[in-house]
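Worksheet: the structure to be examined is printed underneath.
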Amino acid sequence: MVADHGQIFVFGATFDDGDALDTAEEVADPYTAALHDAIDSGRFVGTCGALTTIVTPGQFNSASPMLVEVWASRPPDDSAAWDHEVEVDLDAAEGRLTFEYVGGVGDSVHIPAARYRARVSGRGFGALGTAGANGRDNYRLRLFPRRRSASPRLRKSWPGRDAYH
């Protein structure tokens with residue numbers, strides 16, 4: 001996975017059933033909206049419609065590992081092994097997630113089509129802005145079925161996030 005300008009973008013596909021959430025098409029710039037949601041909320045994971053933005057401590061890392069796991073039910077809590085953890089809704093109506101970075105498209109991952117709750121976990125962070133191409137940061141995206149929409153939730157906060165202004 002590539003993290004550029006301190007961001008990784010994850011696109012799912014929304015289900016058209018009248019959810020109160022905006023779709024990416026209804027927002028002039030979903031990238032900016034999701035980034036503002038990530039920073040303003042202090043979660044450093046933001047959403048706007050089908051877009052989830054993960055804000056990374058380093059400005060560029062050409063090889064940020066991202067493990068994607070699909071669970072049949074809520075996974076066990078292993079947050080002690082991670083530095084930062086957030087849960088958000090992330091749907092995959094078409095059975096695919098697409099990962100992008102600023103200026104390019106990364107990988108697509110095929111998964112069962114479903115409405116998911118996503119647990120975004122990160123660890124191995126260096127000092128803010130210094131991870132660079134040799135960063136040790138790595139990420140995991142755990143997906144599990146959800147019955148209803150829920151607000152994003154910060155489960156664990158990396159203390160280094162306080163350096164963001």
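Here, each number is a calculation from the coordinates, and none is a lab measurement. As the structure is a prediction and not an experimental result, all values here were calculated from the model. Here the Cβ positions follow ideal geometry from the backbone for every residue, glycine too, while neighbour counts run over all protein chains shown.
One table, with the values for the structure above:
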read-out: Local electrostatic count, GLY124, Cβ distance below 9 Å [Lys/Arg +1, Asp/Glu -1]; value: 0
read-out: Nitroxide proxy distance, nm - points 7 Å out along Cα→Cβ at GLU69 and ARG148; value: 2.7
